[in-house]
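Encoded as structure tokens, the structure appears first; notes follow it.
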Amino acid sequence: MHPIVEKEVSTAWMSPFLPRIAPKLALDSGYSLLELVIALVIIGSLLVIAFPRFWELQVEGERASFEKVFGELHTAVGIDVATFLASGDMAALEALGGSNPMARLAEAPWNYHGTVDGSQLLPAGGWYFDTRERVLIYQVRNTGHFRGGPKSPEQARFGVRLVYVGERPEQRIVGARFVALEPYAWIALGQDQ
């Protein structure tokens with residue numbers, strides 16, 4: 001077994017350079033106030049630029065989600081109408097009027113809160129079926145970018161309405177439609193509200 005021999009390294013050759021290096025090491029140990037202010041100005045500028053775009057994307061995401069569900073419901077009701085008409089099942093077609101269109105989907109959207117009697121307050125950004133009025137309601141989250149429907153809370157209201165042909169009392173049902181009960185519009189950022 002050999003003893004470990006430690007070898008001392010001479011630092012004598014560095015002595016002429018140490019007075020010049022040591023003051024710089026002490027100054028480089030942190031940030032100056034000017035550097036901190038510049039960094040904060042840059043970060044603040046980026047936030048000012050990014051925040052409106054983030055808000056716009058949030059509004060656009062809600063609008064796209066809303067329109068996707070609307071399209072799915074419109075298609076589902078149309079498929080059921082075609083099926084009932086093709087099979088001659090007029091009783092099922094008549095029962096479609098005023099029904100909950102969410103029941104026509106294979107899977108309800110994540111923000112569907114179910115059926116309520118209309119007196120409950122539900123979170124914004126979701127759908128629910130009002131059993132008292134027999135309407136499907138979307139309660140808007142970004143109310144500053146939506147126009148239409150009742151104002152408190154801001155919402156879009158839809159229903160399944162039967163389509164008749166002929167004059168009363170000989171009217172007969174020829175279909176059903178998923179329709180908006182009041183006009184509505186999404187308003188993009190930068191447009192006149």
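The values are calculated or read from the model by the stated rules, or taken from the named source; none is laboratory data. The structure displayed is predicted, hence computed values, not measured ones. Glycine gets a Cβ as well: all are built from the backbone with ideal geometry, and neighbour counts include every protein chain shown. Just the protein is used for accessible areas: all its heavy atoms, side chains included, with ligands, DNA and RNA removed. Shrake-Rupley method; radii C 1.70, N 1.55, O 1.52, S 1.80 Å.
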query: Only one of these conditions is not met by Ser119: (1) assigned to a helix (DSSP H, G or I); (2) open to solvent by 50 Å² or more (accessible area, probe 1.4 Å); (3) among the hydroxyl-bearing types (Ser, Thr, Tyr). Which number is it?
result: (1)
statement: Counting only residues that are among the hydrophobic types (A, V, I, L, M, F, W, C) and touching a Phe, Trp or Tyr at 6+ places or on another chain (Cβ under 8 Å), the range 138-165 contains a total of 5
- request: Check Gly144 against each of (1) outside any strand (DSSP E or B); (2) open to solvent by less than 10 Å² (accessible area, probe 1.4 Å) and name the one condition it does not meet.
  value: (2)
query: Any chance the range 168-176 includes a residue that's open to solvent by 50 Å² or more (accessible area, probe 1.4 Å), under 17 Å from the mean Cα position of the chain (by Cα) and not acidic (Asp, Glu)?
result: no
- prompt: So which helices (runs of 4 or more DSSP H) stay within the range 1-108 end to end and still have 2 or more residues that are modelled with pLDDT of 90 or more and hydrophobic (A, V, I, L, M, F, W, C)?
  reply: 33-87, 90-96
task: Can you tell me which residue within the range 122-141, out of those that are of a type in the set (Lys, Arg) and more than 15 Å from the chain's Cα centre (by Cα), is most open to solvent (accessible area, probe 1.4 Å)?
output: Arg132
